[in-house]
Amino acid sequence: MKICQVEGTLVATARIGSLQNRRLLVVKERGSNGKQVAVDPVGCKPGDWVIAVGSSAARDAAGSKDYPSDLTIVGIIDYWDDASGQAGANAGANPAPKTSSKAGVKTDANPSRRT
């Protein structure tokens, strides 16, 4: 599994039939400058931090072993613990989800993100 941030929607009107009408997003893996295309069965928006799977797991997550996907989003991250305490801090408008820990209780540092 990979942690990625959604950069935006990819529009490709001319595509092979087996791609169907699945939503495609441009994502950037945490700690990398390279961009990839991911299938989005979850309903992400730009700026979301997500969990994505690759290889045969990506095809399964997209709904079929025959689906032509190398990367599929399987979840939107609310928060994560990072040993450095940075949790992927980002100077942009959509920083990485952060955590707050008191006596082992984790809370979302930005509760208004999801409704």
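The values are calculated or read from the model by the stated rules, or taken from the named source; none is laboratory data. Not measured: the values here are computed from a predicted model. When we count neighbours, we look across all protein chains shown, and the Cβ atoms used for this are built from the backbone with ideal geometry, even at glycine.
So which residues in the range 70-84 are modelled with pLDDT of 75 or more and not charged (D, E, K, R), if there are any at all?
Filtering the range 70-84 for residues modelled with pLDDT of 75 or more gives 70-81.
Selection gives LEU71, THR72, ILE73, VAL74, GLY75, ILE76, ILE77, TYR79, TRP80.
Does the range 63-72 contain any residue that is in a loop (DSSP other than H, G, I, E, B), touching a Pro at 6+ places or on another chain (Cβ under 9 Å) and loosely packed, with under 15 Cβ neighbours inside 10 Å? Write out each step before concluding.
Residues of the range 63-72 that are in a loop (DSSP other than H, G, I, E, B), as a first pass: 63-70.
This time we only want the ones that are touching a Pro at 6+ places or on another chain (Cβ under 9 Å), so: 63.
The next check asks that each one be loosely packed, with under 15 Cβ neighbours inside 10 Å; those that pass are 63.
Yes - at least one qualifying residue is present in the range 63-72.
Got a number for residues in the range 42-62 being surrounded by 15 or more Cβ atoms within 10 Å (Cβ to Cβ), modelled with pLDDT of 75 or more and either under 20 Å from LEU19 (Cα atoms) or not assigned by TED's automatic domain parsing to the domain that holds VAL27 (or both)? Reasoning before the result, please.
Start the filter on the range 42-62 by keeping residues that are surrounded by 15 or more Cβ atoms within 10 Å (Cβ to Cβ), which leaves 42, 44, 47-54, 57-62.
This time we only want the ones that are modelled with pLDDT of 75 or more, so: 42, 44, 47-54.
Now drop any that are not either under 20 Å from LEU19 (Cα atoms) or not assigned by TED's automatic domain parsing to the domain that holds VAL27 (or both), which leaves 42, 44, 52-54.
Residues meeting the conditions: 5.
Those residues that are surrounded by fewer than 14 Cβ atoms within 10 Å (Cβ to Cβ) and at pLDDT 90 or above, I need them from the range 12-29; list them, please.
Within the range 12-29, the first condition is being surrounded by fewer than 14 Cβ atoms within 10 Å (Cβ to Cβ), and the residues that meet it are 12-18, 20-21.
Of everything in the range 12-29, nothing turns out to be surrounded by fewer than 14 Cβ atoms within 10 Å (Cβ to Cβ) and at pLDDT 90 or above.
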